[in-house]
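Colleague: What follows is a structure written as structure tokens; I'll ask about it next.
The values are calculated or read from the model by the stated rules, or taken from the named source; none is laboratory data. In this text, all values refer to a predicted model and were calculated from it rather than measured experimentally. Please note: Cβ atoms are built from the backbone with ideal geometry, for glycine as well, and neighbour counts cover all protein chains shown. To get the accessible areas, we keep the full protein, side chains included, count just its heavy atoms, and leave off ligands, DNA and RNA. Shrake-Rupley method; radii C 1.70, N 1.55, O 1.52, S 1.80 Å.
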Amino acid sequence: EKLLSGHQQQVFRETDRLFAWLLVAQWVFGFMLAVWVSPLSWAGLSQTVHPHIGISILLGGAIISVPMLLASVAPGTLLTRNCIAIGQMLMSALLVHLSGGRIETHFHVFGSLALLSFYRDWRVLLVASLVTAIDHTLRGLYWPQSVYGVMDAGWLRTLEHVGWVIFEDVFLILNCVRSQREMWEIASRQAQLITVHAEIERQVDSRTAELAEKSSSLAKSEERLRLMIEGTDVIVWEYDS
């Protein structure tokens, strides 16, 4: 369990750092998307900067600020993972809005879920999917043009999108469960190796202590023999029969 926990913490911290950079990249991409799709708004012959520019900068910055802060001060925690999941799905919602609800940008949602599965924690996927479901439901009800690109989407459109998210979640969650089981098996094998290694070291230490004791006894015997020979006039020799 200790080995498994250490491996999981390593995966969590590395994935936190990955998403910290990814969120910044998406923020920059959102600004570039707003500049490319709708840089200006027109009222007759007068032009102004489109609100999407400010939304991409201010709202995008607000979305990524908390996840990035937690990724730097508290990496590897459950709170950080969930905040990053929420921030990632909100960035998907923002990109969909900036593109005018184009269907191509909806693939960003599915890509985000796949990336969040790098945590190997199915709870993160549930939080991310819940955020997406709430976003599609509310915006589909009150502002369908920002999420679907049409003035009236209806409940079936929302249910379809949420259904595809759930469909992907099933396979991603199964993959997370399998990954956790594989991590447990790896930790178990490593624990067995550590146990065997410790037993070998114990036997080596015991044998070394026995040899040291025998060497000490032999040295004492030789020293007694030397003192006895030096203290007498008896001639001592070795004879091979």
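Residue-wise test of (1) open to solvent by 80 Å² or more (accessible area, probe 1.4 Å); (2) in contact (Cβ under 8 Å) with a residue 60 or more places away in the chain; (3) outside any helix (DSSP H, G or I).
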position	(1), (2), (3)
180	no, yes, no
185	yes, no, no
188	no, no, no
217	no, no, no
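Colleague: Filter segment 93-116 for residues that are polar (S, T, N, Q) and farther than 14 Å from residue 166 by Cα; which is surrounded by the fewest Cβ atoms within 10 Å (Cβ to Cβ)?
Modeller: The qualifying residue surrounded by the fewest Cβ atoms within 10 Å (Cβ to Cβ) is 105.
Colleague: Could you pull out the residue among 135, 152 that is over 30 Å from residue 10 (Cα atoms) and within 25 Å of the chain's Cα centre (by Cα)?
Modeller: Result: 135 is the single residue among 135, 152 that is over 30 Å from residue 10 (Cα atoms) and within 25 Å of the chain's Cα centre (by Cα).
Colleague: Is segment 37-53 home to any residue that is under 28 Å from residue 148 (Cβ atoms) and at pLDDT 85 or above?
Modeller: No, segment 37-53 contains no residue that is under 28 Å from residue 148 (Cβ atoms) and at pLDDT 85 or above.
Colleague: Write out, first by first residue and then by second, each pair whose Cβ atoms fall under 9 Å of each other, whose residues are 6+ apart or on separate chains, and whose first residue, in segment 71-100, is closer than 14 Å to residue 119 by Cα while the second is open to solvent by 20 Å² or more (accessible area, probe 1.4 Å) and outside any helix (DSSP H, G or I).
Modeller: What qualifies is 80/74.
Colleague: Please specify each residue of segment 66-92 satisfying the condition of being open to solvent by 10 Å² or more (accessible area, probe 1.4 Å) and under 21 Å from residue 56 (Cβ atoms).
Modeller: Those that are open to solvent by 10 Å² or more (accessible area, probe 1.4 Å) and under 21 Å from residue 56 (Cβ atoms): 66, 68, 69, 83, 86, 90.
Colleague: Which of the residues that make up segment 50-60 are open to solvent by 20 Å² or more (accessible area, probe 1.4 Å) and either among the small types (Gly, Ala, Ser) or without any contact (Cβ under 8 Å) to a residue 12 or more places away in the chain (or both)?
Modeller: Within segment 50-60, 51, 54, 58 meet the criteria.
Colleague: Hey, can you tell me all the residues within segment 117-150 that are closer than 24 Å to residue 25 by Cα, modelled with pLDDT under 90 and surrounded by fewer than 23 Cβ atoms within 10 Å (Cβ to Cβ)?
Modeller: 146, the sole residue that qualifies.
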